[in-house]
Amino acid sequence: MVPDTQSYMVAGYAVIFSGMAIYVLSLIWRWRRRIAELAQLEEELREMGA
């Protein structure tokens, strides 16, 4: 008789895809922070007259 491990497979995929989603969201969050930081630096340069 073959053991029923389908629930473990589904749980494993859920963990993996959740981790990937968190990683992608983290990348998006960091990208947006860098864009905002760059805009702030450009504004400071304009104020300095450069």
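Among Leu41, Val10, Ala21, which residue has its Cα furthest toward the positive end of the charge dipole of the range 1-49, with +1 on Lys/Arg Cβ and -1 on Asp/Glu Cβ? In the range 1-49, that residue is Val10.
Against the longest principal axis of the chain, how steep is helix 6-48, in degrees 0 to 90 to the nearest 10, with axes from Cα atoms? In the chain, helix 6-48 runs at an angle near 0 degrees to the longest axis. What you get for the chain, charging only the Cβ of Lys and Arg (+1) and of Asp and Glu (-1), is a dipole of about 100 debye around the Cα centre.
The simple Förster model, with R0 at 25 Å and r as the Cβ-Cβ distance, assigns Leu45 and Ile22 a FRET efficiency of 0.10.
For the chain, the convex hull spanned by the alpha carbon atoms encloses 32 Å³ per residue.
Once the Cα-Cα distance is subtracted from the 0.36 nm per residue extended length, the Tyr13 to Met1 segment shows a gain of 1.9 nm.
None of the figures in this text is laboratory data; all of them are computed from the coordinates on show. Since we're looking at a predicted model, the values are computed, not measured. Cβ: placed from backbone, ideal geometry, glycine included. Neighbour counts: every protein chain shown.
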